[in-house]
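Undergrad: What follows is a structure written as structure tokens; I'll ask about it next.
The values are calculated or read from the model by the stated rules, or taken from the named source; none is laboratory data. Quantities reported herein were computed from a predicted structural model and do not represent experimental measurements. Don't worry about glycine lacking a Cβ; one is built from the backbone with ideal geometry, like all the others, and counts go over all protein chains shown. Only protein heavy atoms, including side chains, enter the accessible area calculation; ligands, DNA and RNA are left aside. Shrake-Rupley method; radii C 1.70, N 1.55, O 1.52, S 1.80 Å.
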Amino acid sequence: MAWYTAIFLGLLQGFAEFLPISSSGHLLLFEQFCGITDGGLLLTLILHLATLLAVVVVYRQRLWHLIRQPFSREALQLVCATMITCSFVLIFKDIIDSLFTLQALPYLFLLCGVYLLLPTFLHSPKNKKSWWQTVAMGFAQGVAVVPGLSRSGVTITTGRLSGMEPTQATDFSFLMSIPIILASLLFELLSGGTIQALGWGSVLLAFVTAFVAGIVAIKFMLNLTRKIDLRWFACYLFVLGAGLLVYQLLI
């Protein structure tokens with residue numbers, strides 16, 4: 001893999017992981033059109049690990065508080081959400097794997113765009129984060145494993161629809177990403193994945209780029225959710241999904 005490809009993949013992963021546009025969907029799209037096949041899912045997980053480190057850096061004080069108080073309400077809610085996500089993915093793994101195709105991607109982009117728009121039209125009464133909201137966000141994170149469905153976008157929107165404040169939903173969404181990315185990486189490593197064909201230098205370059213881009217994207221989203229909703233990202237997904245559908249019809 002060329003150095004400029006590694007940088008592009010790192011930027012794509014770093015920004016798309018936290019912006020509500022689906023990092024896995026964009027990576028799949030880029031890999032298909034550019035013919036990148038070596039590394040596969042494990043390369044995606046290595047890039048996710050870089051963005052995981054970005055979350056740890058941004059939320060380091062809050063994470064330290066959770067580590068010091070492992071039985072606090074928020075810590076237990078994160079455990080609960082993670083268990084729900086993992087259970088959902090394991091139960092529906094075959095169906096999820098079948099959706100990792102370019103043919104399904106435009107429909108999933110469009111579906112994600114529609115979901116992001118819901119808080120614009122449906123206003124839920126604001127309330128303190130509850131256990132049922134935790135269950136809903138854990139379930140949403142499991143569904144968003146499908147490429148084309150943004151993990152951050154789907155979980156933040158689910159939190160908002162359930163009555164959480166935008167910033168609170170965003171914080172919990174980003175914190176939820178830590179255990180699930182670690183679990184995904186461990187699962188793939190135990191499955192025998194390899195990245196040797198890509199070259200460790202290229203992988204390291206992609207990792208560093210994704211890490212820096214991830215920090216920028218997290219801080220951008222935290223500022224954004226205090227001011228506006230996600231409608232502009234929904235518009236982007238509509239344009240992208242419609243463009244892919246037209247492309248598929250023409251080829």
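Undergrad: In the set Phe100, Phe15, which member is open to solvent by 50 Å² or more (accessible area, probe 1.4 Å), part of a helix (DSSP H, G or I) and modelled with pLDDT under 95?
TA: Within the list Phe100, Phe15, the selection yields Phe15.
Undergrad: Among the candidates Lys126, Lys93, single out the residue that is among the basic types (Lys, Arg) and over 21 Å from Leu28 (Cα atoms).
TA: Unique residue meeting the criteria: Lys126.
Undergrad: Inspect all residues belonging to the stretch 180-187 and state whether any of them is out of contact with any strand residue (DSSP E or B) (no Cβ under 8 Å at 6 or more places or on another chain), open to solvent by less than 10 Å² (accessible area, probe 1.4 Å) and at pLDDT 85 or above.
TA: Checked against the condition, which is being out of contact with any strand residue (DSSP E or B) (no Cβ under 8 Å at 6 or more places or on another chain), open to solvent by less than 10 Å² (accessible area, probe 1.4 Å) and at pLDDT 85 or above, the stretch 180-187 yields no hits at all.
Undergrad: What residue, among those in the stretch 18-72 that are assigned to a loop (DSSP other than H, G, I, E, B) and at pLDDT below 90, is nearest to Gln248 (Cα to Cα)?
TA: The residue in question is Gly35.
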